[in-house]
Amino acid sequence: MITFPRELHLWLQSLNLTYKISNPKRDLSNGWVFAEIFSRYYPDDLEMYQYDNGFKLDKKVNNWEHLQKFFKKKSIPIEYSDYDPVIHCAPDAGYKLLKKVYKALTSREIDDNLQPIQQQHMQDNVDPDYAKPTIAKKMKDHELARIADAKRQSEKAKTVITTHNDMLRSERLNPERYTKTKRGFASVKHVELASAKVLSQTKRGLARGQLSKNDTSNQGEQPPQGDVKPVQVKTANKSIRVMKQEANQKRENQNKLPGGIQEEDSDELILDNILVDIVGQNLANKMSKSDPEYKNFKENYDKIIQYFTDRFSYITDELIFDIFQEMNDRQEEIVNVLSRNMLDFCDLIRFFSKCFKQINPMITIGSSTNEDGAVQNKGKNIFQLMNETLAQVANKLLNNDPLQTEIYFLEYGIDELLEIMVDNLFKRNDMVYLLYCFVQNTTNSHLRVLQKIKEKIGSTKKDAYYFIISKLLLYESEDISPEIYNFYLRDAAQGIYQQSPVTRTKCISILSYFSRIQLGPILPMIPVLQKMCKEDYWELKGQLLILCSNALLFFNTQVDESEQFRDKQDEDKIVETSNEQSRIQQTDRQTFDRSPNQNNKFKNMIPGGQINDQVIETYTPIIFEMIHSILTSTAPKATIKIGLIYLAKILHFYPEYTATYLQILLNAPDNIRSATLEVEPLPGTEEEVYVSGGNTDKYRTYGAPHEWNSLYIAQALEKYVISNNLENLEWAHIEIFEACLQQDFKDEELDQWLVIFASLKNYLFISLCYRDFSNTSIEILKKFFCHQQMQPSILKECLEIFIKTLQLLYQPDCDNDCKQNVREFLEFLHDYEDSTQDLKDFVYNSIKSFAEVNQKAYQSSNLIDLMNKVVEFRRGEIFDDQASMRNSQQYTHDDRMHTNSSGPNPMESPANFGKPQGFRGSRKF
C-alpha cells in the first residue's frame, strides 16, 4: 500500500474492503477488488457471490467478463484494452486502472507528482547503467510472449526496439549522467568513465599515444562534462538532388534488423522514423481486420510509407484524417528532425505531394445535419488539414533556419507543389498560400518565388501561372514595394493580350487591385480594356466593372502620389514600367484592334504618372461608356450582382448615374436584388466568397445600402414612381425604399426626406393592405414616425390618410394578417419607450375616428382591446392630474362636486369601447 498516493490510500480504506492490497500487481489482477469497489457504489447491481477470488487465468477472465457487462450497462468508460494488461500482471497496469476507476467514481484526479524527497529516493534506487535491461531481455518480457498472433507480436517487438533505441539516444544527449552519481561516489564514477572513454577510443583504432598528458591529468582533476559533439550546419554547396541521392545510398547500405527496424549506432534522427511511427501505429491500431486493405497492409508493413502513398485512395478517410491529425500534433518533432538534417525536407515534400495528388478536396470527416437537412456540424476537411499541417511545419522551420528553408524549398519543394496546382484546378485555390509559407516575408524572397514560378510554368501553363500570381498578390503586404508592383504590373500588361478569357480576367483582377494604389500606369491600358467589354465571360466583365469603380473613386479621392512610394527613385521605376507596358502594347500582336497612336495620346496626358483635371475629364466618359456597355439588364446575373455592389460607392460623386443604377436594380432578378440589398451577411458570407466555381476570384455579395447615397436612390425611386403613374408599389420598390432607410437620416437632408415621404405616403399606406408588403411597409413607416424632428409634420399629414386606410383594411375580404400587423403597429407607436404624447394622440384619434365613421367594422375588428388600453391609459392620466390638484389646494364641497362632474368622459370608459352591441350614453359612433 505504500506505493499508492495518500489520497488513493485513504479512499480504499474508507471502502472497508474485505482483503488488504499488499501486492497490487497480483491482488488487482483477478478483478475481485474492483468488483468489491463498484459494489459499494452500486449495491443493487453487483452481487459478490458471482465473483471468485482465485488467481487462475480462467477465473480472472470470468470475473472481468462479468465486470465488462456491468461497465456497458452503466456506461462506465472501461474497455478490454484497460483490464487485459491487469489480468496478465503488466507493470503499473493495475495502478493505472485503479486511478481511472477512482476518477470515474469520485470525479477527482490523482496527483502523481512526487515530492522532492520521493524524487531523491527514486534517483538513489535507480539501476546503474550496467544493470539496465537490454533489448534481449525486453524481448523475453511476459507481456510480449503472451501475444498469440505472430504478426502482432512482431509489431510489438518493433515498437519495443524503437523505444529502447530512443531511450539510449536521449541518455547519450544528457550530460548530467556524468555528474549525477549514485550515493555520492563521484570520484570513482569519474575514474570509471575516464577509463571507459580510453577503452572506447582504443577499440575504435585510436592509439593511446594520441591522448595528451594534459588531457589525462585534467580528467583526474575535473569531472568530465560529457562527450559533446560540435554541430556544424552544412551549406548546400552542391546540388540538393545529388546530396539527396548520396544520403539515400548511404541509408540503403546500412544494416537493418529483421522486421525493417534500422540499427542506430549514432544520434542521427531521420524523418522516416517519425513517419513510420505515425502511419504504422495508426494503421495497425485502427484498421479493422475485416477491411479489404488489411491484408495488403500486413504484407507491406516493412515498407509502410511506400504502401501508404501507393494505396492512399484505398485507405478509409477516417484513418487518413487520424494520421494527418497526429502529424499535426507532432509537428514540433518533425521540425526538430528537419532542422538537424535538411536533406529530409525532400522526403517530407515528396510524402505530402503524393498525398495531395490523391486526396479528394471535398471529403469532410465528422459533418452532420439536423432533422431539417441543414448542416449542423461542418466537420473537418482532410485536404484543409493537410494544408494546415504543412503550412505550420513550414512556418516553424522558417523560424529556425530561414535561409536553408528557402534554399531547399526553391530548389526542390516548389516544383512538387506547382505540379499539383497545375494539374488540379480545385486544389489550386487552397494550396497557393503554401508557396509563401517557406520563404521570408520580404520583397527579395517573394520576388525569388515569383521568378521561380514564372520560370517553371510562365511560358507553358499560362492560365495556371496568372491564376497563381493573382492569388499570391493578396498575400503581399499593404505597403507594397515598387519591385513587386513592377513585376505584377508588367506581367498583367502582357497577359491582357492572351487568347484565354480566364487568363485575361486574372490579369484584369491584378490591375483592379493596383488601381486602388497607383492608377496612373494603368490608365494607358483603358482603350484596350474597353474593347473587352463585348466579351461574353461574366467574370471578365465583373472585373472590368470593379476596375472602373476604383478608377472613378480614385479620381475623386486621390491623395498625393508622393505618399504611395518611398522616394523619387521608386516612382521613376514605376514610370519606366509604364513605358515598357506601352512598348509591349505597340509591338505585341493580338486579336484586339489596338490603336498605338491613341494610346500614346492618352499616355502623354499622364506625365510622371500624375493625374490632373485634364486626365480626369478625358477618361471619365470612357469609363462610363464601359460601365453602360457592361451593366445592362441582359448581362449575366453574376456580373449584375458584382456591378450593383461595387458601383454603389460612385453614386456619392456621380448622382447623375443614380437613375441608371436604379433601373438596373429594379430589373434585376429577385434573388440578385435581395442579396445586393442585404445589410447583414448570410452565414458563411461575412467575407468575400466565390460567386461561381472555385476557379473564380472572391467577391463581396451584400451591403450595397451601406455604400451608396441613400437620399439619391430614394429621390430616383420617387421620381420613377411618380413619372410612371404607378397605382401601387411593387415588391421591388418597397424593398429598395426600405434599404434606403438603413442609414441614419442626416440633419441637412431632413427637408428632402419629408418631400419624398409626402410623395410616397399614400403608396405606403395602401401597401398595408397587402399581406406580402405589410410588414416591410410598417418598418418604413416606423422609421419616419419615430424620428423626433420629422414626427410633428408627418403625423399631421398622415392622420386623415391613415383613417381611410383603416376603413379599407377592415373590409371582410382583407387578410387577417394585415389587420394584426396594423394593430401591432398602433400598439408599438403608443407603447414604445420613446413614444411621445403626439404619437399617443395619433393612435387614439385614428381609432376613434375610424369607430365613428364605420361602427360596424370597428365592432368586429381587433382594435377594441387596444382602444380600451389606450382609454385606460388616458383615464389614468386624468385621475393623476386630479389627485395632484387635491394635494395642492383645499376644495369646498362645491368644488369637489365640480371636480367630480369634470371627471373622465363616460364615452372614454373602457367598458363602453368594449361593448359589442354599441356604446352607452347619448352619443354613438
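Is there a residue in segment 521-537 that is over 17 Å from THR620 (Cα atoms) and in a helix (DSSP H, G or I)? Yes - at least one qualifying residue is present in segment 521-537. Among the residues making up segment 528-551, a single one is open to solvent by 20 Å² or more (accessible area, probe 1.4 Å), touching a residue at least 40 places away in the same chain (Cβ under 8 Å) and polar (S, T, N, Q): GLN530. Across segment 707-754, the number of residues qualifying as open to solvent by less than 40 Å² (accessible area, probe 1.4 Å) and closer than 15 Å to LEU666 by Cβ comes to 16.
Residues checked against (1) of a type in the set (Lys, Arg); (2) over 29 Å from the mean Cα position of the chain (by Cα):
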position: ASN429; (1), (2): no, no
position: VAL432; (1), (2): no, no
position: LEU450; (1), (2): no, no
position: LYS454; (1), (2): yes, yes
position: LEU473; (1), (2): no, no
position: ASP491; (1), (2): no, yes
position: GLY495; (1), (2): no, yes
position: SER512; (1), (2): no, no
position: GLY520; (1), (2): no, yes
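Checking each residue in segment 851-867 for being touching a helix residue (DSSP H, G or I) at 6+ places or on another chain (Cβ under 6 Å) and of a type in the set (Gly, Ala, Ser) picks out only ALA851. So which of ASN429, ASN399, ASN441 is open to solvent by 60 Å² or more (accessible area, probe 1.4 Å) and in a helix (DSSP H, G or I)? After applying the criteria, what remains is ASN399.
Taking first residues from segment 476-493 that are farther than 14 Å from SER515 by Cα and partners that are open to solvent by less than 10 Å² (accessible area, probe 1.4 Å) and part of a loop (DSSP other than H, G, I, E, B), no Cβ contact under 8 Å between residues at least 6 apart in sequence or on separate chains turns up. Residues of segment 791-800 include at least one that is open to solvent by 20 Å² or more (accessible area, probe 1.4 Å), within 24 Å of ALA716 (Cα to Cα) and either outside the structural domain of ASN667 (by the TED database) or touching a residue at least 60 places away in the same chain (Cβ under 8 Å) (or both). Residue count for segment 635-650 under the criterion of being crowded, with 22+ Cβ neighbours inside 10 Å and not in a loop (DSSP other than H, G, I, E, B): the result is 9.
So, in segment 801-817, exactly how many residues are surrounded by 19 or more Cβ atoms within 10 Å (Cβ to Cβ) and over 28 Å from VAL755 (Cβ atoms)? Within segment 801-817, residues that are surrounded by 19 or more Cβ atoms within 10 Å (Cβ to Cβ) and over 28 Å from VAL755 (Cβ atoms) number 1. Among the residues of segment 756-777, those that are within 42 Å of the chain's Cα centre (by Cα) and surrounded by fewer than 19 Cβ atoms within 10 Å (Cβ to Cβ) comprise ARG771, ASP772, ASN775, THR776. When PHE345, PHE308, PHE312 are screened for being over 15 Å from ASN282 (Cβ atoms), out of contact with any strand residue (DSSP E or B) (no Cβ under 9 Å at 6 or more places or on another chain) and of a type in the set (Phe, Trp, Tyr), only PHE345 passes.
Listed by first and then second residue, the pairs linking a residue in segment 35-64 that is farther than 18 Å from LEU105 by Cβ to a residue that is open to solvent by 60 Å² or more (accessible area, probe 1.4 Å) and outside any helix (DSSP H, G or I), with Cβ atoms under 8 Å apart and 6 or more places separating them unless they lie on different chains, are ASN53/TYR19; LYS59/ASP52; ASN62/ASP52; ASN63/ASP52.
Residues of segment 49-60 that are modelled with pLDDT of 85 or more and either closer than 19 Å to VAL101 by Cβ or polar (S, T, N, Q) (or both): TYR51, ASN53, LYS60.
The values are calculated or read from the model by the stated rules, or taken from the named source; none is laboratory data. Treat the numbers as computed from the prediction; the structure is a model and nothing was measured. When we count neighbours, we look across all protein chains shown, and the Cβ atoms used for this are built from the backbone with ideal geometry, even at glycine. Ligands, DNA and RNA are excluded from the accessible area calculation, which covers all protein heavy atoms including side chains. Shrake-Rupley method; radii C 1.70, N 1.55, O 1.52, S 1.80 Å.
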